[in-house]
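The values are calculated or read from the model by the stated rules, or taken from the named source; none is laboratory data. In this text, all values refer to a predicted model and were calculated from it rather than measured experimentally. Don't worry about glycine lacking a Cβ; one is built from the backbone with ideal geometry, like all the others, and counts go over all protein chains shown. Ligands, DNA and RNA are excluded from the accessible area calculation, which covers all protein heavy atoms including side chains. Shrake-Rupley method; radii C 1.70, N 1.55, O 1.52, S 1.80 Å.
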Amino acid sequence: MADPDCIFCKIIAGELPARIVDEDEHTIAFMDIAPATRGHALVIPRTHSVDLTDVSGADLQAVAVAAQRLAGRMRARLGADGINLLNACGPAAWQTVFHFHVHVIPRYDGDPLRLPWVPSAGDPDEIALAAQELARP
Ligand code: 5GP
Ligand code: ZN
């Protein structure tokens with residue numbers, strides 16, 4: 001269940017302090033110690049899993065619902081104008097803590113966050129090729 005080397009498992013066990021803002025049977029949510037914006041929180045499943053490809057469907061569902069709950073509170077109580085959900089899966093995708101988590105990041109008009117890529121039209125053949133590889137079966 002718990003990984004003894006995992007800081008988020010230690011938060012769940014109460015062995016490390018955290019500002020907990022939401023809890024249910026399957027998840028807890030707490031404030032990120034290095035917030036991107038005011039109110040930045042993390043939602044995690046109580047059961048240890050490494051990342052998006054490892055988490056159970058039931059835990060993923062519970063985390064999504066908890067993230068939605070927090071997003072509503074961020075709008076209502078913090079005055080957020082929008083919310084970003086972010087998950088980093090693997091070091092190449094910026095993951096630094098290997099206990100599955102979803103960032104819930106309140107956004108405020110005029111805040112300094114920027115998209116990490118510059119949208120520009122892709123090559124249609126390359127898009128089609130990637131689609132072929134991704135599509136079922
Ligand atoms: P990742 O980089 O894996 O997507 O996200 C990990 C997040 O956990 C980071 O935003 C980081 O600030 C946060 N974090 C790392 N260690 C701790 C900690 O001990 N307590 C809390 N509350 N957040 C942490
Ligand atoms: Zn863990």
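Of E15, E126, E25, which has the most accessible area with a 1.4 Å probe, and how do the rest follow in descending order?
These residues rank, largest area first, as E25, E15, E126.
Of all trypsin sites (Lys or Arg not before Pro) in the stretch 1-62, which ones are in loop regions per DSSP and have a Cβ with at most 11 other Cβ atoms within 10 Å?
Those satisfying the criteria are R19.
Probe of 1.4 angstrom, ligands and nucleic acids ignored: what's the accessible area per residue over the chain, in square angstrom?
Here the per-residue accessible area is 66 Å².
Where in the chain lies the longest segment free of chymotrypsin sites (Phe, Trp or Tyr not before Pro) that are both loop residues by DSSP (not H, G, I, E, B) and have at most 12 other Cβ atoms within 10 Å?
Between the exposed loop sites, the longest stretch runs 1-93.
In the stretch 8-102, carbon and sulfur make up what percent of the accessible area (probe 1.4 Å)?
That fraction is 56 percent.
By how many degrees, 0 to 90 and rounded to 10, does the Cα axis of helix 124-134 deviate from the longest principal axis of the chain?
50 degrees
Any idea what angle helix 57-78 forms with the longest principal axis of the chain, computed on alpha-carbon atoms, 0 to 90 degrees, nearest 10?
80 degrees
When the Cα centres of the stretch 92-125 and the stretch 38-78 are compared, how far apart do they sit, in Å?
16 Å
With a cap of 10 neighbouring Cβ atoms within 10 Å, and only residues DSSP puts in a loop, list the trypsin sites (Lys or Arg not before Pro) found in the stretch 63-137.
Hits after loop and neighbour filter: R114.
For the stretch 1-135, what is the relative contact order in percent, using Cα pairs closer than 8 Å and at least 6 residues apart in sequence?
It comes to 24 percent, rounded to a whole number.
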